Each structure stands twice: as structure tokens, then as C-alpha cells.
Amino acid sequence: MQTIQKVRCPNCGSEGERHYITHSQLTRTQCPVCDYLMVSCTRTGKVIEAYAPGITVRSTN
């Protein structure tokens, strides 16, 4: 089963979608405007895949 929820994109603020995919225990958040994508495990919360154009990764060193 899959549930779709309308959400605000954490990258650009546009209207995006969050898909809850029950059989594979995944949550996929995506935005068609800026191409943001994040797939995480519903059970553990760990990020499996992520793509966020315009967000830079900062070093912790």
C-alpha cells in the first residue's frame, strides 16, 4: 500500500509530495520544482538516498 501526502519542499519551499510505501518500509519525499529527493527507512529513520540541488555539504572537521 502507498499513501501520498502533500508537503512543503525542505529545499525550495514549493509543494512537494511524501510517499509512504508500506510494503518496503520506505518514505520518499520529492519536489518536481527543484528536483529534491530523499528516501528513508520508515522503521529506522536512516537515509537511503538523497539529492538536494543547491544544498552544499559542510565538513565537520
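Read the figures in this text as sums done on the coordinates, not as results from a lab. Predicted model, so just to flag it, every value in this text is computed and none were measured. Backbone-built Cβ (ideal geometry, glycine too); neighbour counts: all protein chains shown.
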Go through 18-25, 5-12, 36-43 and give me the packing order, highest mean Cβ count within 10 Å leading. 36-43, 5-12, 18-25
Which whole-number percent of Cα pairs in region 6-56 have a distance greater than 13 Å? 54 percent
